[in-house]
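The values are calculated or read from the model by the stated rules, or taken from the named source; none is laboratory data. Predicted model, so just to flag it, every value in this text is computed and none were measured. No Cβ is skipped: glycine too gets one built from the backbone with ideal geometry, and neighbour counts run over all protein chains shown.
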Amino acid sequence: MASKNVLLIFKSNIMYKPVIYRLARDFDLIFNILEAKILPRREGRILLELRGSEDLIEKGIKFLKQNEVLVELLSDKVWREEDKCVHCGACTGLCPTGALTITQPEMRVSFDVEKCVACGMCGLVCPFGAMKDVTLFDPFAEGRSDSK
Amino acid sequence: MGEFKINKTFAEINKKIKDGSVVVLTAEEMIGATKELGPVEAARKVDVVTTGTFGIMCSSGAFLNFGHAKPRIKANRVYLNGVEAYAGLAAVDCYLGAAQTREDDPLNKVFPGRFRYGGGHVIEDLVAGKEVKLEAFAYGTDCYPNRQHEADMALKDFPDAWLLNPRNGYQNYNCAVNLSKKTIYTYMGILRPDCTNANYSTSGQLSPLLNDPFYRTIGLGTRIFLGGGVGYVIGNGTQHNPNVKRSENGVVMGGAGTIAVKGDLKNMSPKYLRGASLAGYGCSLNVGIGVPIPILNEEMAIFTSVSDEDIHAPIVDYGFDYPEGGGSPLGYVTYAQLKTGEITFDGRKITTAPLSSYAIALEIANSLKDWITTGRFFLGEPQEILPTVSY
């Protein structure tokens with residue numbers, strides 16, 4: 001079974017339309033809401049973990065897009081600026097999903113973006129600003145996807 | 001010195017460096033060597049053990065002479081990229097502290113402040129070859145009439161630029177936890193409430209002063225790896241305290257010895273001098289230091305073979321106790337335990353994370369090893385060792 005973390009952005013024109021339940025009904029996907037924020041009448045953002053066969057995840061994402069949901073793969077949005085990371089490990093104690101861990105015995109910090117849920121803790125704690133775009137729920141972020 | 005089977009001098013080791021016969025190991029490699037050969041044979045074979053550390057060291061800064069302006073100025077306020085440098089010295093000398101924030105930094109007004117740019121970042125920018133904006137202000141005198149001077153300056157434009165750090169390389173340090181009910185933002189990182197995570201900050205078995213616990217070979221004049229270049233220990237650092245509780249192997253069980261260091265910024269690298277921003281706390285500088293430890297006798301072989309299992313850090317509460325002026329240990333934990341990413345405290349498993357980079361500390365120890373092995377770096381014999389206690 002594959003798993004993908006996706007950010008769904010519902011613009012005002014579709015934000016009250018029920019869409020997500022169909023991922024389970026029509027595509028047999030397990031979805032797990034990691035975080036969600038609704039700005040009434042403006043925008044809704046949901047961070048979903050999708051689990052299922054790779055093929056069906058892809059179809060599900062296609063279905064969402066057909067319904068005017070903006071879909072972004074978290075792994076495309078969140079990244080580490082490698083030159084800035086000094087492998088201190090300060091982020092590893094706060095990462096809630098184990099996306100940031102220390103490898104043994106090298107004591108280097110590895111970042112598994114597939115496990116990241118963009119909670120933003122690493123961005124706050126990193127003394128060197130190495131973790132990029134790790135918060136997706138910045139209230140001022142509205143429209144960021146449009147300008148891309 | 002008659003008590004030892006092996007007796008070497010700095011001069012003898014330097015001679016071996018010169019003729020290329022010197023044997024150098026990193027402090028990590030020395031653990032196995034001493035175990036395998038025994039201390040006497042290890043001391044016979046190994047001449048130098050290299051150490052390393054790369055952590056946040058707030059008590060750091062740069063002494064800068066920015067050169068005389070035309071007309072001349074006796075600056076009494078100096079800013080570099082908006083960060084103030086202390087200018088209460090002669091005309092164009094100033095000291096830029098690593099922890100100094102920008103004049104317009106919002107600090108902790110919106111908590112936790114992010115402290116994105118400060119003295120440490122200016123130092124990193126200078127070492128990286130970037131130009132920084134110098135602004136100097138003065139009240140004007142007969143001999144120094146200029147009242148305002150502005151220039152874009154790169155490191156090469158400063159007649160003198162030293163890294164001059166009054167307290168670096170803490171011999172050991174606290175393992176910080178938070179027993180309060182709210183998240184706290186400290187110089188030991190972010191600590192969740194109810195003792196959910198613990199942070200520590202030394203390179204343990206690689207750390208310079210942990211490999212020479214009684215400072216037998218370290219003092220004023222010790223030549224070191226500093227910020228990617230060569231520097232010197234210029235004496236004990238501030239707050240140096242050899243009288244801290246020690247375990248049976250002589251290793252201190254808490255923050256104890258410190259070193260003051262100096263080096264020419266112009267031979268340093270931004271890889272080993274990195275500006276740091278600690279949310280809710282402030283700006284700082286990550287400093288890379290490596291101290292070579294001569295194996296003068298078998299006792300030094302024993303000292304330098306200390307491993308993470310033998311080094312204890314005190315667990316200290318940063319929620320209530322430390323801020324109130326306390327800091328008494330709630331318990332002790334070894335670096336070997338801390339490095340597993342989890343310790344048991346108060347019957348509960350809690351996550352641990354380092355703040356000091358072991359990976360880069362190892363790189364430093366290896367670079368220093370390379371410098372010595374290839375005859376590019378000679379040991380500096382201290383003219384005065386750091387204040388110490390007897391074993």
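Select, from B:370, B:321, B:310, B:317, the only residue that is out of contact with any His (no Cβ under 8 Å at 6 or more places or on another chain), closer than 26 Å to residue B:250 by Cβ, charged (D, E, K, R) and modelled with pLDDT of 95 or more. Reasoning before the result, please.
Values: B:370 fails: closer than 26 Å to residue B:250 by Cβ; B:321 fails: closer than 26 Å to residue B:250 by Cβ; B:317 fails: closer than 26 Å to residue B:250 by Cβ.
Only one candidate passes the filter, namely B:310.
Out of all the residues in the range B:252-271, which are within 15 Å of residue B:124 (Cα to Cα) and touching a residue at least 40 places away in the same chain (Cβ under 8 Å)?
Step one: filter the range B:252-271 for residues within 15 Å of residue B:124 (Cα to Cα), giving B:263-271.
Result: B:263, B:264, B:265, B:266, B:268, B:269, B:270, B:271.
Filter the range A:66-81 down to the residues that are more than 14 Å from residue A:127 (Cα to Cα) and among the charged types (D, E, K, R), then identify the one that is modelled with the highest pLDDT. Break it down stepwise before answering.
Narrowing the range A:66-81 to residues more than 14 Å from residue A:127 (Cα to Cα): A:66-79.
Now narrow it down to the ones that are among the charged types (D, E, K, R): A:68, A:72, A:76-77.
Working: A:68: 96, A:72: 92, A:76: 87, A:77: 86.
Residue satisfying both the conditions and the ranking: A:68.
Among the numbered conditions (1) within 25 Å of the chain's Cα centre (by Cα); (2) farther than 30 Å from residue B:232 by Cβ, tell me where residue B:65 comes up short.
With respect to (1) within 25 Å of the chain's Cα centre (by Cα); (2) farther than 30 Å from residue B:232 by Cβ, residue B:65 is out only on (2).
Those residues that are over 17 Å from residue B:272 (Cα atoms) and outside any loop (DSSP other than H, G, I, E, B), I need them from the range B:127-139; list them, please. Outline the logic, then answer.
In the first step, residues of the range B:127-139 are kept if they are over 17 Å from residue B:272 (Cα atoms); the result is B:131-139.
Matches in the range B:127-139: B:132, B:133, B:134, B:135, B:136, B:137.
Can we say residue B:336 is surrounded by 18 or more Cβ atoms within 10 Å (Cβ to Cβ) and within 14 Å of another protein chain (Cβ to nearest Cβ)?
Working: surrounded by 18 or more Cβ atoms within 10 Å (Cβ to Cβ): no; within 14 Å of another protein chain (Cβ to nearest Cβ): yes.
Considered against the rule, which asks whether it is surrounded by 18 or more Cβ atoms within 10 Å (Cβ to Cβ) and within 14 Å of another protein chain (Cβ to nearest Cβ), residue B:336 comes out as no.
Taking residue B:175 as meeting all but one of (1) on the phi > 0 side of the Ramachandran plot; (2) crowded, with 24+ Cβ neighbours inside 10 Å, write down the number of the exception.
Here residue B:175 clears every test but (1).
Okay, residues lined up against (1) of a type in the set (D, E, K, R); (2) in contact with a Lys or Arg (Cβ under 7 Å, 6 or more places away or on another chain):
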site	(1), (2)
B:93	yes, no
B:101	no, no
B:120	no, no
B:124	yes, yes
B:159	no, no
B:167	yes, no
B:175	no, no
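Report yes if residue B:287 is within 14 Å of chain A (Cβ to nearest Cβ), β-branched (Val, Ile, Thr) and either free of Cβ contacts under 8 Å to residues at least 60 places away in the same chain or outside any loop (DSSP other than H, G, I, E, B) (or both), otherwise no.
Details: within 14 Å of chain A (Cβ to nearest Cβ): yes; β-branched (Val, Ile, Thr): yes; either free of Cβ contacts under 8 Å to residues at least 60 places away in the same chain or outside any loop (DSSP other than H, G, I, E, B) (or both): yes.
Against the criterion (within 14 Å of chain A (Cβ to nearest Cβ), β-branched (Val, Ile, Thr) and either free of Cβ contacts under 8 Å to residues at least 60 places away in the same chain or outside any loop (DSSP other than H, G, I, E, B) (or both)), residue B:287 qualifies.
Hey, can you tell me all the residues within the range B:345-391 that are part of a strand (DSSP E or B) and either within 13 Å of another protein chain (Cβ to nearest Cβ) or of a type in the set (Lys, Arg) (or both)?
Applying the first criterion (part of a strand (DSSP E or B)) to the range B:345-391 yields B:345, B:348-354, B:384-385.
Within the range B:345-391, B:348, B:349, B:350, B:351, B:352, B:353, B:354 qualify.
Being among the hydroxyl-bearing types (Ser, Thr, Tyr) and surrounded by fewer than 23 Cβ atoms within 10 Å (Cβ to Cβ) is the requirement here; does residue B:284 meet it?
no
Go through B:340, B:304, B:351 for me and flag whichever is in the same structural domain as residue B:226 (by TED's automatic domain parsing) and without any contact (Cβ under 8 Å) to a residue 40 or more places away in the chain.
Details: B:304 fails: without any contact (Cβ under 8 Å) to a residue 40 or more places away in the chain; B:351 fails: without any contact (Cβ under 8 Å) to a residue 40 or more places away in the chain.
Every option except B:340 fails the conditions.
Only one of (1) in a helix (DSSP H, G or I); (2) in contact with a strand residue (DSSP E or B) (Cβ under 9 Å, 6 or more places away or on another chain); (3) not polar (S, T, N, Q) is not met by residue B:49, so which one is it?
(1)
Starting from the range B:99-118, take each residue that is touching a residue at least 24 places away in the same chain (Cβ under 8 Å) and exposed (fewer than 14 other Cβ atoms within 10 Å of the Cβ) and list its partners that are in a strand (DSSP E or B) and not hydroxyl-bearing (Ser, Thr, Tyr), counting only C-beta distances under 8 angstrom and pairs at least six apart or across chains.
Sorted first by the residue in the range B:99-118, then by its partner, the pairs are B:103/B:83; B:103/B:84.
Suppose we filter B:38, B:20 for residues that are touching a residue at least 12 places away in the same chain (Cβ under 8 Å) and at positive phi; which single one remains?
Numbers: B:38 fails: touching a residue at least 12 places away in the same chain (Cβ under 8 Å).
Matching residue, one of B:38, B:20: B:20.
Could you run through the range B:214-230 and say how many residues are assigned to a loop (DSSP other than H, G, I, E, B) and of a type in the set (Phe, Trp, Tyr)? Let's see the steps before the verdict.
We begin by selecting, within the range B:214-230, every residue assigned to a loop (DSSP other than H, G, I, E, B); these are B:214-218, B:221-222, B:227-228.
The next check asks that each one be of a type in the set (Phe, Trp, Tyr); those that pass are B:214-215.
Count: 2.
Return the residues of the range B:250-284 that are within 14 Å of chain A (Cβ to nearest Cβ), part of a loop (DSSP other than H, G, I, E, B), of a type in the set (Ser, Thr, Tyr) and closer than 20 Å to residue B:58 by Cβ; say none if nothing qualifies.
Step one: of the range B:250-284, the residues within 14 Å of chain A (Cβ to nearest Cβ) are B:269-284.
Narrowing the set further to residues that are part of a loop (DSSP other than H, G, I, E, B) leaves B:269-272, B:279-281.
Next cut, of a type in the set (Ser, Thr, Tyr) only: B:269, B:272, B:281.
Across the range B:250-284, the qualifying residues are B:272, B:281.
Mind checking whether some residue in the range B:133-150 is under 30 Å from residue B:290 (Cα atoms) and not assigned by TED's automatic domain parsing to the domain that holds residue B:277? Show your work before the answer.
Filtering the range B:133-150 for residues under 30 Å from residue B:290 (Cα atoms) gives none.
Within the range B:133-150, not a single residue is under 30 Å from residue B:290 (Cα atoms) and not assigned by TED's automatic domain parsing to the domain that holds residue B:277.
Output the residues belonging to the range A:24-48 that are touching a residue at least 24 places away in the same chain (Cβ under 8 Å) and crowded, with 17+ Cβ neighbours inside 10 Å.
Here is the first cut: in the range A:24-48, the ones touching a residue at least 24 places away in the same chain (Cβ under 8 Å) are A:26-29, A:34-35, A:37, A:39, A:41-48.
Scanning the range A:24-48 gives A:27, A:29, A:34, A:43, A:44, A:45, A:46, A:47, A:48.
Which one of the conditions (1) touching a strand residue (DSSP E or B) at 6+ places or on another chain (Cβ under 7 Å); (2) farther than 21 Å from residue B:295 by Cβ does residue B:256 fail to meet, given that it meets all the rest?
So the condition that residue B:256 fails would be (1).
Quick one: how many residues across the range A:71-108 are touching a Cys at 6+ places or on another chain (Cβ under 6 Å) and β-branched (Val, Ile, Thr)?
Residues that pass the stated criteria total 1.
Report, by residue number, each residue of the range A:111-124 that is farther than 20 Å from residue B:277 by Cα and not in a loop (DSSP other than H, G, I, E, B). Talk me through it step by step, then tell me what you get.
If we filter the range A:111-124 for residues that are farther than 20 Å from residue B:277 by Cα, which is where we start, we get A:111-118.
Within the range A:111-124, A:111, A:113, A:114, A:115 qualify.
Which residue, of B:299, B:324, is part of a helix (DSSP H, G or I), away from chain A (no Cβ under 14 Å), on the phi < 0 side of the Ramachandran plot and surrounded by fewer than 24 Cβ atoms within 10 Å (Cβ to Cβ)?
B:299
Any chance the range B:201-208 includes a residue that's closer than 19 Å to residue B:163 by Cβ, aliphatic (A, V, I, L, M) and surrounded by 23 or more Cβ atoms within 10 Å (Cβ to Cβ)? Steps first, answer last, please.
We begin by selecting, within the range B:201-208, every residue closer than 19 Å to residue B:163 by Cβ; these are B:208.
Then drop every residue that is not aliphatic (A, V, I, L, M), which leaves none.
No, the range B:201-208 contains no residue that is closer than 19 Å to residue B:163 by Cβ, aliphatic (A, V, I, L, M) and surrounded by 23 or more Cβ atoms within 10 Å (Cβ to Cβ).
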